[in-house]
Amino acid sequence: MDVVRAYLLAAPGEAGPASAVDQVIARVRGPEAEAAMADAAVALARFATRDPGALDRARKLVTQGVAARLVERLATAEGPRRGELAELLTELGAPVRSAALEALRTAGAGGGGGEDGGLPEGVASLVAPLARSDPALLQELLQDADWRIVRWAIGIASERGGDDAVQRLTVALDHGDSRVRAAAVASLRALGGGEAGELAVRRLGDGDPGVRTEAARAVGTLNIGRGLGSLLERLDTEDHPDTVLALIRSLGTLGDPLAVPELERWATGSVPGRSTRATRSAACRALQLIDSARARAVLAALDEGDPDGAGSGEGSDGGQ
């Protein structure tokens, strides 16, 4: 629009061009004008560093149709242009957030996300820069009704980090879909810190073994004060093989000598009905991580009586 160009080129505080832009904004509407409105909104938002009034004018141009066009443009932008456009769009308010959510939901409803229920990569990459830059949009995504969107948003929250990252994930830890809860616990492990560790401990009692397994890994990594007791308590009753192995390995990761008696039971196969070659090997590997005379003595005794290598932790039983 010529009037927008004149406004951008005018001297700061010049009233005429600003008034002309306001008049155009007041009357220009309709689908046929949306492309030009989108151009003008981006130009005005970029100009806001020189004239704060420009951002207000840009927001007035952003109808839902204009917002949809802007989100589509973000999908095709590349390199630094994508980052700059995402930053500008976060300043344009609720219509852009709504358009971004609609793009994700429409893609999810189309079933293009693959067997694991993930979102189509193109649409996800389109919205990701907005979600990283806009805390309000990210929070909305984390509370969405579609579990796929929530799980995807958990990854964005983890990548984004920040002082409030762990707090943002608390709602996802109580989500009705176990895949979401497992992703949230895995993100706690990546984020680290005492608050993350406390939240992970609570999920050791989750009804889904996949979530409990992630929680066991997180508690071992995060090493909070009550981590050892929580792992030992869970191991005493856990019956899922993957979770049992994760609990044993995390006891080794903690490196606390107080875990040695329990690990000795598992290493020697003294847990009736639950001991396997995999649990014995995992327990031996865990003992190797603990700087304790008792741990070394257990391993030495096992090596003497186990020439096939299970006692020393040889062989493959998977990783943490």
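The values are calculated or read from the model by the stated rules, or taken from the named source; none is laboratory data. Since the structure is predicted, the reported quantities are computational estimates derived from the model, not experimental observations. We place every Cβ from the backbone using ideal geometry, glycine too, and count neighbours over all the protein chains shown.
Listed values, structure above:
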| read-out | value |
| --- | --- |
| Qualifying residue in region 204-219 (condition: surrounded by 18 or more Cβ atoms within 10 Å (Cβ to Cβ), within 23 Å of A165 (Cα to Cα) and modelled with pLDDT under 95) | no |
| Pair list, Cβ < 7 Å and 6+ apart or interchain, from region 81-104 residues that are crowded, with 22+ Cβ neighbours inside 10 Å to residues that are at pLDDT below 85 and not in a helix (DSSP H, G or I) | L104/L119 |
| Residue check for G229: surrounded by fewer than 24 Cβ atoms within 10 Å (Cβ to Cβ), of a type outside the set (V, I, T) and free of Cβ contacts under 8 Å to residues at least 12 places away in the same chain | yes |
| Selection status of A77, small (G, A, S), more than 23 Å from the chain's Cα centre (by Cα) and surrounded by fewer than 13 Cβ atoms within 10 Å (Cβ to Cβ) | no |
| Test set (1) at pLDDT 95 or above; (2) surrounded by fewer than 18 Cβ atoms within 10 Å (Cβ to Cβ) - D303 fails condition number | (1) |
| Candidates R148, R179, R202, R168 - the one that is touching a Gly at 6+ places or on another chain (Cβ under 6 Å) and either assigned to a helix (DSSP H, G or I) or not hydroxyl-bearing (S, T, Y) (or both) | R148 |
| Scan of region 253-276 for residues that are not in a helix (DSSP H, G or I) and not hydrophobic (A, V, I, L, M, F, W, C), ordered by number | G255, D256, T268, G269, S270, P272, G273, R274, S275, T276 |
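Let's see how each residue does on (1) farther than 23 Å from L138 by Cβ; (2) at pLDDT below 85; (3) out of contact with any strand residue (DSSP E or B) (no Cβ under 6 Å at 6 or more places or on another chain):
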site	(1), (2), (3)
L8	yes, yes, yes
A11	yes, yes, yes
R29	yes, yes, yes
A36	yes, no, yes
A43	yes, no, yes
T49	yes, yes, yes
D56	yes, no, yes
V71	no, no, yes
G83	no, yes, yes
